[in-house]
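Where a number appears in this text, it was derived from the coordinates with a stated rule and is not lab data. Model, not experiment: these values are computed from the prediction.
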Amino acid sequence: MESLVRSLVEKQLADPRIKPAARVLSVSRPAIKVVTEMEVRDAGLGGTVLAAEDAIVTAAAADLARAWGVTIQRGQPVSRRKRKIAVGADHGGFEMKEEVKKLLETMESTEVLDLGTHSKETVDYPDFAQAVAEAVSSGNADLGIMVDSAGIGSAMTANKVPGIRAAMCYDAATARNAREHNFANVLTLGGRMIDVSRMREIVTTFLETSTGEERHAARVRKIMEVEKKYRKG
């Protein structure tokens, strides 16, 4: 149905007798003319879809946006910005972090924000996991990747930061599940548990997988309700 709606609306917009709608940009898709459920899902819970002043928003997209807390922001068309990935590591994950950066630098429209550490000198993983999580929570980064020796402690730390859903992944399947089912926004890795080849599979899958359907979003909202219940202040 969504494909049919898109097809009919874009056919209408192509009619020379009708003034074409300005481009619509979402945070994670190329420029389009119509905002559908797909763009809202890609924006994620609490995200934003950037739309032109006269953009067409389908009824289904509007309903889903209300359910997910997504803002459809109307205004002048803007150029598509690069996706920013915050990366961090302790001494046990430093070498793997450097390999993660090399991989990210080969990806188009991706900017790396390296929050340290910058050597193999002994440091404490919570400091860097917190920095990565806060970069994502504050909006200074779109997603985060943190590497320590096992990936477990960093996940625990990152998940203490409001708005963060950190997942320790050890293969492509868990990375895909973390994004599609759990809407994870921080990936943690065990630098001494996986090799570079496996890391590339995990990171690539994590970054290429979109958040899932409403049935998954409903469960993620329950996760965030638990956080809200115990948050102080």
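How long is the gain from residue 121 to residue 106 if the chain were fully straight, where each residue apart is worth 0.36 nm and the alpha carbon distance is subtracted?
Details: separation 15, 0.36 × 15 = 5.40 nm, distance 2.74 nm.
The residue 121-residue 106 span can extend by a further 2.7 nm.
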What three numbers, in Å, describe the spread of the alpha carbons of segment 111-233 along their principal axes, ordered from the longest?
41, 35, 25
So between residue 170 and residue 156, what do we pick up on full extension, going 0.36 nm a residue minus the alpha carbon distance?
3.5 nm
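Based on the alpha-carbon gyration tensor of segment 152-194, what equivalent-ellipsoid semi-axes (square roots of 5 times the eigenvalues) come out, in whole Å, largest first? Show your work: numbers first, answer last.
Details: eigenvalues 53, 43, 5 Å².
The three semi-axes for segment 152-194 are 16, 15, 5 Å.
Between rounded, prolate and oblate, where does segment 65-164 land on the alpha carbon gyration tensor, with a ≥ b ≥ c its root eigenvalues, rounded for a/c under 1.5, else prolate if a/b exceeds b/c?
Working: a/c = 3.01, a/b = 1.59, b/c = 1.89.
Here segment 65-164 falls in the oblate category.
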